[in-house]
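Presented below is the structure to which this report refers.
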Amino acid sequence: MASGLRSCVNALLLTTGLVAFAPAIAQDAGVPADAAAETNASGEVIVVTGRRAADRLAIETKRLSDSQVDSVRGDDVGRLPDQNVAEAVRRLPGLSVANDQGEGRYLTVRGVSPDLLNVTLNGQTAPAPEPDGRQVKLDDIPSALIGSVTVVKTLTPDLDANAIAGQANIETLTAFDRAKTFVTGKAAVGYYQANHKKPYEIDATVGGLFGANKDFGAVLSFSRSDRKLRADNAGASENWVDVNGHLVPDGATLRRYSTHRTRTGAVANFDWRPNTDVKTFMRFTYSKYEDSESRQHFGTGIPVTKPGNFSNQDEDSGTYTKGKNDRRVRTRAESTSTFSASTGGEFHFGDSQLNLEGTYSRARKLDPRRDEWTFKASNIGGSYVLDDYMVFVTPDAAAYDPNNFAASAAKYESRRAVENLYQARIDFKAPLDLGTDSSVKLGGKVVDRRKTSDRSNRTWEFAGEDDLTIADVQGGDIASVYKGLYTFGPAIDASKADAYFKAHPGDFELDEAGSLADSLAADYRIRERVVAAYAMTSLKFGAFTLVPGVRMESTRGRFAGKTITEDSTFDQDFDNFGKRKYTDLFPGVNVRFDVGEGLTLRGAITRAIGRPNYEDIAPYIAVNVDDEEVEMGNPNLKPLYSTNFDAAVEY
């Protein structure tokens, strides 16, 4: 009776928020990998599954690691409506997310720039679809596809050194994580009050073990979401000028965004584990992110350089004359897709372990259109009011007459960026005969990165004899934004403006010099190969763990860009080249001391690198003879280096 009562009490403790953790979780052979098992005082095994198990496993990952890490499990992600991986991990300590239209996009660890964070997928470097930098867009991957995400804040030598901010590793689910046949699914629909649209999301996962000995495993997962968003934006200029003894901003803008955003993702994972000494796998991951957007812009310029145009000024308000206004419409379409395929295995030879893996990844970003029309109006007065948190600028009625806004320019832009990654790595771990659970680990990795960017830009200035006004291409009227707080006025129909451009090409004059510079300077071809080798040990002496080691990385890059002169053409090939080679050593040490049950002290000194962004090392040269200026990329730009000092007390 007493034994049964103790079992019930222990079971109750394990399912509440107050859990006293044992030094290690006992993992029974019959306990699934996504469950937590613990032996109570009576020798009985208590198995905890579901959300509480996800919490326990995430905490155990952190507690038992020799470096400073935080993790979130896939089961934990489902509790809140996370749209993507970035949103799934932003609740971890020391992490924040840069948002786009209310959704997380880039992950920031301890305030360091996202392009200095190494993002890996199933342990291998993830491709970066963005043409300008190395940051990986985490809003591309639906949250439903992840099994876990682990953020490493202090590097060990077996991890890539290109991680000043740390490493975020995304793991997809395998059949052996559940150790049984399973089917999960979710469907959700919502309602947006702003635009009366209904977003939806569906995802499904099926997996299980097969074969006579259950040595084959397979998981198939699919996810799809569709969202139509609307957002209003109001802001004042950052440029404030002293006008007659009062600080006044030189303008304010109102914007309305209408966005249609979809995500599609799929995972196929296959495993073969014929015995405890051999574990082989194949991993396939695909994700596609599509975003189309229309942005209406209304800008009000305040003539801060002409104090005589102001009257009735005090500290918080005033009126002005002869201001400038502009209205614009930007239409944008974006499609980003990522594919990754990897294969490898884990092989045990007695107490030694060998890991082999090869991966191919491809990321492609297509911007088929980033077009913008601009209409301008002059000599319009107005008033402004400054309060504690916002600037209110109210132009005269003339600013809301579509006939007063004449076409100024039309810009048509597209861009394509592709990155191919080829990776191979080997890791070997063997025990050290020190009478403790110490080990030595050796390994190497090769990353071959091939990235291209191709941009096309044409800026046309209106030069017609008769004015083209918003009244000719009006797309309705936006009464106000922020529920009447700001009056907006006439909107531009981009399709009508495009039709006019096609029907009246003679009314527009190409800004050839500016269009050439914008198009060719952004074109590049880069090949970067990093060859790495490392050696490290894990020395355990009772409650004390010391992990010293060193990593060597040899980087070789070859770059191609274009020269822009008066004789350049839009279709010219690469004609300017550069190369760079350098080798670095990255020593580091992690220290851990288990003071007592649940209390751990950690310290680390590590070295890391941040290689330059692609657009900075592309060897383009832009020559402006009229202004006697030369602008150029720098293929010899040195990387960033950091020495990181970390200390932590964990309970």
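The values are calculated or read from the model by the stated rules, or taken from the named source; none is laboratory data. Because the structure is predicted, anything quoted here is derived from the model rather than measured. Cβ atoms come from the backbone with ideal geometry, glycine included; neighbour counts cover every protein chain shown. The area values use the complete protein model at the heavy-atom level, side chains included, leaving out ligands, DNA and RNA. Shrake-Rupley method; radii C 1.70, N 1.55, O 1.52, S 1.80 Å.
Structure notes:
- The candidate values were (1) 124, 81, 58; (2) 100, 57, 51; (3) 91, 62, 53; the one computed from these coordinates for Cα extents along the principal axes in Å carries the label (3).
- Under the shape rule built on the C-alpha gyration tensor, where the axes satisfy a ≥ b ≥ c, the stretch 238-363 is prolate, since a/c reaches at least 1.5 and a/b is greater than b/c.
- Among beta bridges that DSSP assigns inside the stretch 114-201, antiparallel share in %, nearest 5: 65
- Label-to-label distance for V630 and A333 is 4.1 nm, based on points extended 7 Å past Cα in the beta-carbon direction.
- Selected from L116, Y412, A268, residue furthest toward positive end of dipole (the chain; charges at beta carbon): A268
- Spin-label model, A535/A471: points 7 Å from Cα along the beta carbon direction are separated by 8.2 nm.
- Taking the accessible area of the chain, probe 1.4 Å, and keeping the other protein chains in place, the carbon and sulfur fraction comes to 53%.
- Theoretical gain in end-to-end length, F392 to F593 [0.36 nm per residue, Cα-Cα removed]: 66.6 nm
- Added length on full extension, which subtracts the Cα-Cα distance from 0.36 nm per residue, D316 to L356: 7.6 nm
- Rounded to the nearest 20 debye, the dipole size of the stretch 158-301 about its Cα centre is 820 debye, using +1 on the Cβ of Lys and Arg and -1 on the Cβ of Asp and Glu.
- In the context of the full protein assembly, W240 retains an accessible surface of approximately 110 Å², using a probe radius of 1.4 Å and ignoring ligands and nucleic acids.
- Probe 1.4 Å, accessible area per residue of the stretch 130-241, Å²: 42
- Averaged over residues, the count of other Cβ atoms within 10 Å places the peptides 475-482, 535-542 in the sequence 535-542, 475-482, highest first.
- Inter-label distance for L64 and D401, nm, one decimal - labels placed 7 Å from Cα along Cα-to-Cβ: 7.6
- Of the residues L601, P587, T563, the one whose Cα sits farthest toward the positive end of the charge dipole of the stretch 510-640, with +1 on the Cβ of Lys and Arg and -1 on the Cβ of Asp and Glu, is L601.
- Set of lysines near K214 by C-alpha distance (under 26 Å), chain-local residues within fewer than 8 positions excluded: K180, K279
- Counting only lysines at least 8 places from K153 when in the same chain, those with an alpha carbon closer than 16 Å to its own are K62.
- Stokes-Einstein translational diffusion, the stretch 158-218 - Kirkwood Rh over all Cα pairs, 1.306 mPa s, 10 °C, in µm²/s: 101
- Given K579/K638; K429/K451; K445/K638, the pairs whose alpha carbons are separated by over 24 Å: K429/K451
- Full-stretch length increase - N99, Q572 - with 0.36 nm per residue and alpha-carbon distance subtracted: 166.6 nm
- Computed over the Cα atoms of the stretch 387-429, pair by distinct pair, the Kirkwood hydrodynamic radius stands at 18.1 angstrom.
- Only Lys, Arg, Asp and Glu carry charge here, each on its Cβ (+1 for the first two, -1 for the last two); on that basis the chain has a dipole of about 2400 debye about its Cα centre.
- Adding -39500 (n - 2.57) for every DSSP H run of four residues or longer, then dividing by how many residues the chain holds, sets the calculated 222 nm ellipticity at -2500 deg cm²/dmol.
- Candidate cross-link partners of K496 among the lysines, defined by an alpha-carbon separation under 16 Å and a same-chain spacing of 8 or more, comprise K411.
- Compactness of the stretch 419-575 as Cα Rg over 2.2 N^0.38 Å, two decimals: 1.99
- R0 of 51 Å, Cβ-Cβ distance S408-E650: FRET efficiency to nearest 0.05: 0.30
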